[in-house]
1. Hey, can you tell me all the residues within the range 336-359 that are touching a Pro at 6+ places or on another chain (Cβ under 9 Å), part of a strand (DSSP E or B) and among the charged types (D, E, K, R)?
2. Just to be sure, is Ala81 small (Gly, Ala, Ser) and either at pLDDT below 75 or within 20 Å of Leu36 (Cα to Cα) (or both)?
3. Taking only pairs six or more apart or across chains, which ones have beta-carbon atoms under 7 Å, a first residue in the range 544-558 that is closer than 18 Å to Leu609 by Cα, and a second residue that is at pLDDT 85 or above and surrounded by fewer than 16 Cβ atoms within 10 Å (Cβ to Cβ)?
4. Residues that are surrounded by fewer than 14 Cβ atoms within 10 Å (Cβ to Cβ), part of a helix (DSSP H, G or I), modelled with pLDDT under 85 and within 29 Å of the chain's Cα centre (by Cα): does the range 520-531 have at least one?
5. Filter the range 478-497 down to the residues that are open to solvent by 70 Å² or more (accessible area, probe 1.4 Å), of a type outside the set (S, T, N, Q) and assigned to a helix (DSSP H, G or I), then identify the one that is farthest from Leu458 (Cα to Cα).
6. Of the residues Trp55, Trp65, which single one is open to solvent by 40 Å² or more (accessible area, probe 1.4 Å) and in contact with a helix residue (DSSP H, G or I) (Cβ under 7 Å, 6 or more places away or on another chain)?
7. Consider Glu570 carefully, then state whether it is acidic (Asp, Glu), part of a helix (DSSP H, G or I) and modelled with pLDDT of 80 or more.
8. What tally of residues in the range 298-330 results from selecting those that are among the basic types (Lys, Arg) and either surrounded by fewer than 17 Cβ atoms within 10 Å (Cβ to Cβ) or in contact with a Gly (Cβ under 7 Å, 6 or more places away or on another chain) (or both)?
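The values are calculated or read from the model by the stated rules, or taken from the named source; none is laboratory data. All values derive from a computational prediction rather than experimental measurement. Note that each Cβ is placed from the backbone with ideal geometry, even for glycine, and that neighbours are counted across all protein chains shown. All accessible areas refer to the heavy atoms of the entire protein, side chains included, with ligands and DNA or RNA removed. Shrake-Rupley method; radii C 1.70, N 1.55, O 1.52, S 1.80 Å.
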Amino acid sequence: MAFDLKRLSDFLKRGPIVGLRRTRAATRATILVERLWPLLLPLAIVVSLFVSLSWLGVFRALPDWPRLGLVGLFTLAGLAALWPLRLFRSPGAGEIDRRIETSNALRHAPLRSQDDKLAGRDDPFAAALWQEHRKRLAGDLKGLRGELPRTGIPDRDPWALRAIAPLLLVVAFAYSLGPGGGALTDGFRAAAGQQTIPPRIDAWVTPPAYTGKAPLYMTADANQGQSLFTVPEGSIVAVRVTGGTGTERLSYLDAHTAEETALEAGAGATPVTAANRAGAAQTVTQFSGTLAADGLLSLRPSEEGDEIANWSFTVTPDAAPQIRFAEEPTRAVNGALQLTYEVEDDYGVVAAQTLFEPADPAPDARPLYEAPEMRLTLPRRRGSEIVARTSRDLTEHPWAGTLVDLTLEAEDGAAQTGRSEVERFTLPERPFTNPLAMALVEQRQLLALDANAKRRVLDLMDAITLRPEDTIPELTHYLGIMSARSRLDEARSDDQLRGVADYLWEIAVTIEDGSLTDAERRLRMAQEALREALEEGASDEEIERLMAELREAMQEFLREFAERAMQNPEQAMPMPQDGQEMRQSDLERMMDQIEQLAKSGARDEAQQLLSQLQDMMNNLQAGRQQQQGGEQSEMRQQMDQLGEIMRRQQELMNETFQMQQGQQQPGQQGQQGEGGQMSPEDFADAMRQLQQGQGQLRQDLEAMMDALEGMGLQPGEGFGESGEAMDRAGESLGEGQGERAVGEQGQALEALRRGAQDMMQQMQQAMEGEGGGQQPGGRSRQGADRDPLGRPRATTGPDFGDTVRVPDEIDVQRARRILEAIRERLGNALSPELERDYLERLLEMR
């Protein structure tokens, strides 16, 4: 019996007890979850909502007091959620066994029976019976299982509102990973104070357009260490604050008056989302103002805040332009008024004009015409030359021949004006030799200067028509005068009187000169129209049209001038022996140069060349030259020879340059195909031909130098240096080094110019020694270095610096390439706005 009880006891301890322990532990956990989760759920919801709001950045966006209030509310909610935890009770062993027996549908409480003890005295039979009973109950304990927790929360929350908290928590966590996400500590962190230093500050100064200066960026890396900036007067300063609060203030403290002026924001504070790489909206505030005096520019975060940044400026005053007479007003050979003056300004003058006033005006006079207007040619902007010359024919104006006071006025880009001293002189008038024409011109001037002199003019016209058969040989002239008298007698308004005065001038000119004046007038009008177009910056199409009109007017003028010379041989102008004869092709070449300069952007040089053309026409109309002796004829021949050598050297240099450029052009083989690109053999042959031409040019120079020595003139050092440069150029051409040859040919050409200047001075001294400095007829040899039309012989002699330098073909090509590069950059839509403004100003300076 003892043996059986022992075996039963071992069975009960080893087998079912191990599985029972696991089931009891699982059931205990189930009961703990069922009791604890309903108590912890409110606290979990409160904590989840707090974390979600923190990650969403709500606490960061709230001011301090609302933020603290919300944190306090969550604190109270958390304490309230902790209060039910006091009701929590841990499950006992009996509760666990009963839960197992209930979940497994066990009868007779087999689990609890395992711990029961037999009551009463120690009875072996009863003990055996009790053990058998437990054995049978232990058999029911096999395969016990626990069950899942049943919290009862779905019964309390049938709408599942509790799911909102975890969903919001997941969304907030994903948002917190982005740039706008918040942190868990935002609720316990004070709100960020006002930002003292904005993320980005840009400051720049834009000088006035007429100064031609580029914008100055004060905040650029190159200018970070600079505190003082020098800018022209009238510059626009701009400061842009990106990412600030929108309350920034910009002020300027005048260094002279100590007055502080606030600069208003141009467009106000504007949110610009695109300005932030992260996509967040930023505030952009831009200020601007004009700098008129030295001072300090200060940027502050607000009206009372500390200074963020400052810049000091020294403003360079823009002085008024200065203009003065370099020479007294003179009369050109054709009667035109010629003015020589000096113009100075800080950044160049944009316009200049004349101001005429009558010297002794009659007190009761009623003039019919305003003072003559004459726009002045300006020297090249930002050039060293300040002397300019303007010639204009005012002989047709009714004031011609009267005493006037002339003042020159210049205006700069800032609309400041400067005036010269007053010059009193008699305005040049056209000389008339026909007595009848002289009388009509006098009557016309009387009427134009005083409309009240109408009756006197009528009496004078009656006097000259009293005996027409004696004083007016041409019937057409008589009829014209009588028609003018009738119109004058019937004139009642000033416009009608002006019409009569103009008609009297036309009759007088017809009597004096005939039809040649029409061609002359058309030529002058074409020259004046082209000059105004160059000054106003007309388009290339307009320049081309006006040049065509000028060429046509020039041809008509020269044709009629030649016809008149054939009709009156005694009045023809003999060509000088000491200068090169001017041909029509020279005039055509000069007009081509004017057009090329205008189209390539060199408008100032084109205007100066046009002024030279006008001087040439003046000299052609009134020049009277005298023939020189045989020795001077030889000098003229040598000058012609030198001019020819210089011309050939220039052409040779241009040919070398073009050939070298064409050979170096990349990609031309593919474009031009076979025969378009020179082969190495063809290029070498072309170089040898150029070398032969250079050698022939060297021999011609030697021959000319020998001829000069035979005339008693000593060739200057320039000719020797030119010969050496020609030799080097020939060697470079023989080696196929075109680029090096171009440079040496340019040196040869420059040395030829220096030698020509020295030769011209020797010739002039020789001629002055023979004629005492005067040509027969009293004309000075001062113009001996000019052709019959008054043009300096730039192709056959030296340039003393008093004329314009005409760019050669290489210079023109370089200017065109620069203009094309500027236009290409300007057409790029991605170029910054400031760069586009600067390039447009460059094109406006043409």
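1. Selection gives Glu342, Glu344.
2. Working: small (Gly, Ala, Ser): yes; either at pLDDT below 75 or within 20 Å of Leu36 (Cα to Cα) (or both): yes.
Against the criterion (small (Gly, Ala, Ser) and either at pLDDT below 75 or within 20 Å of Leu36 (Cα to Cα) (or both)), Ala81 qualifies.
3. Within 7 Å, no pair qualifies.
4. Taking the range 520-531 and keeping what is surrounded by fewer than 14 Cβ atoms within 10 Å (Cβ to Cβ), we get 525.
Imposing the further condition that a residue be part of a helix (DSSP H, G or I) reduces the set to 525.
If we keep only those that are modelled with pLDDT under 85 too, we end up with 525.
Remaining after also requiring within 29 Å of the chain's Cα centre (by Cα): none.
No: the range 520-531 contains no residue that is surrounded by fewer than 14 Cβ atoms within 10 Å (Cβ to Cβ), part of a helix (DSSP H, G or I), modelled with pLDDT under 85 and within 29 Å of the chain's Cα centre (by Cα).
5. Pass one, the range 478-497, residues open to solvent by 70 Å² or more (accessible area, probe 1.4 Å): 479, 487, 490, 492, 495-496.
Checking the rest, the ones that are also of a type outside the set (S, T, N, Q) come to 479, 487, 490, 492, 495.
Next, only the ones that are assigned to a helix (DSSP H, G or I) stay: 479, 487, 490, 495.
Details: Leu479: 15, Arg487: 11, Glu490: 11, Asp495: 18 Å.
Across the range 478-497, the extreme among qualifying residues is Asp495.
6. Values: Trp65 fails: in contact with a helix residue (DSSP H, G or I) (Cβ under 7 Å, 6 or more places away or on another chain).
Among Trp55, Trp65, only Trp55 is open to solvent by 40 Å² or more (accessible area, probe 1.4 Å) and in contact with a helix residue (DSSP H, G or I) (Cβ under 7 Å, 6 or more places away or on another chain).
7. Numbers: acidic (Asp, Glu): yes; part of a helix (DSSP H, G or I): yes; modelled with pLDDT of 80 or more: no.
It is false that Glu570 is acidic (Asp, Glu), part of a helix (DSSP H, G or I) and modelled with pLDDT of 80 or more.
8. First, the residues of the range 298-330 that are among the basic types (Lys, Arg): 300, 324.
Pick out the ones that are also either surrounded by fewer than 17 Cβ atoms within 10 Å (Cβ to Cβ) or in contact with a Gly (Cβ under 7 Å, 6 or more places away or on another chain) (or both) and you get 324.
Number of matching residues: 1.
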